[in-house]
Amino acid sequence: GVAPSTVSRTFSRPGRVNAQTAARIRAVATELGYRANPQARALSTTRTMMLAVVLADVTNPGFFELVRGAGAAADAAGYTLVLAETQESAERERDLLEATAARVDGIVLAGARGSDAGIHQVSKVVPVVVVNRDVRGVPSVVVDLEHGARVTVEHLARLGHTEITYLAGPEASWPDGMRWRSLRQAAQERGMRVRRSGPYEPTVQGGVCAGERWYSGRGGGTAVVGYNDLLAIGFIRAVTKAGVQVPGDVSVVGFDNTSSAELISPALTTVAAPMRE
């Protein structure tokens with residue numbers, strides 16, 4: 001008994017409909033099993049009310065808090081969040097961004113492996129926010145990696161270490177380059193030596209490979225810093241299997257402060273990043 005436009009406003013702009021009328025419409029809608037159709041709404045508004053989070057690796061626990069934070073913000077704004085995974089591939093990232101750009105109202109790109117030019121091009125089609133990478137001309141949210149590297153070096157220096165081995169992550173990773181540069185600078189200021197090993201896959205298996213290489217050479221000093229927690233955990237697994245004591249023989253530090261850091265013994269020393277925020 002009301003106009004279709006009144007039904008529409010009841011679901012899309014409830015503040016513009018009389019409370020009693022809105023209640024009656026919702027009651028009838030419940031009885032009929034009516035649901036608003038987001039695809040039909042997108043045709044009339046050119047907005048899908050969907051946001052995409054594009055991740056490098058959906059199995060990496062470093063992204064868990066990011067997804068939860070993005071999901072909470074999307075829910076609060078009335079948006080639906082969808083996930084896509086690039087599997088650490090720059091080519092797959094490019095294809096996913098191009099395919100997703102026409103289907104969502106905005107993209108959060110985390111763990112980007114593609115070129116700055118490619119990301120900038122997509123941002124001309126749909127709003128993009130890049131996480132943990134600084135792309136000129138595109139809104140970016142980055143962690144203070146320099147501070148994280150500095151407190152890591154200070155911690156290891158207090159323990160008496162004079163040489164650090166950095167287990168590098170993917171070559172196309174912006175945080176990897178920033179961590180390496182910051183570690184070198186902080187170590188140089190304290191008169192410590194730092195060497196780079198890798199790159200390795202940012203996984204537990206990548207850390208196992210790093211640990212086996214470190215043990216076979218035994219020239220990497222008494223302190224190791226992993227690109228992320230998974231690399232550090234894999235390293236610990238490999239060297240303890242070979243009879244090395246952690247932290248008795250070698251101190252190990254990871255990055256991200258993921259839940260996995262508590263699943264090994266001793267618990268992993270790690271640098272926390274406010275990914276949910």
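A few notes on this one:
- Any chance residue 117 is assigned to a helix (DSSP H, G or I) and of a type in the set (Gly, Ala, Ser): yes
- Within segment 71-106, if we keep just the residues that are farther than 24 Å from residue 13 by Cα and in a loop (DSSP other than H, G, I, E, B), the residue that is most open to solvent (accessible area, probe 1.4 Å) turns out to be 87.
- Candidates 117, 112: the one that is of a type in the set (Gly, Ala, Ser) and farther than 30 Å from residue 261 by Cβ is 117.
- Qualifying position, being assigned to a loop (DSSP other than H, G, I, E, B) and open to solvent by less than 70 Å² (accessible area, probe 1.4 Å), among 153, 143, 130, 125: 143
- Residue among 28, 17, 54 that alone is more than 29 Å from the chain's Cα centre (by Cα) and either under 16 Å from residue 106 (Cα atoms) or modelled with pLDDT of 90 or more (or both): 28
- Near pairs, Cβ below 8 angstrom, 6+ apart or cross-chain, from segment 1-16 (under 13 Å from residue 29 (Cβ atoms)) to any residue that is of a type in the set (Lys, Arg) and at pLDDT 85 or above: 10/26
- Listed conditions (1) at pLDDT 90 or above; (2) surrounded by 14 or more Cβ atoms within 10 Å (Cβ to Cβ); (3) in contact with a Lys or Arg (Cβ under 9 Å, 6 or more places away or on another chain) are all met by residue 68, apart from (2).
The values are calculated or read from the model by the stated rules, or taken from the named source; none is laboratory data. Because the structure is a prediction, the values reported are computed rather than measured. In this analysis, Cβ positions are derived from the backbone assuming ideal geometry, glycine residues included, and neighbour counts consider all displayed protein chains. Heavy atoms of the whole protein, side chains included, go into the accessibility calculation; ligands, DNA and RNA do not. Shrake-Rupley method; radii C 1.70, N 1.55, O 1.52, S 1.80 Å.
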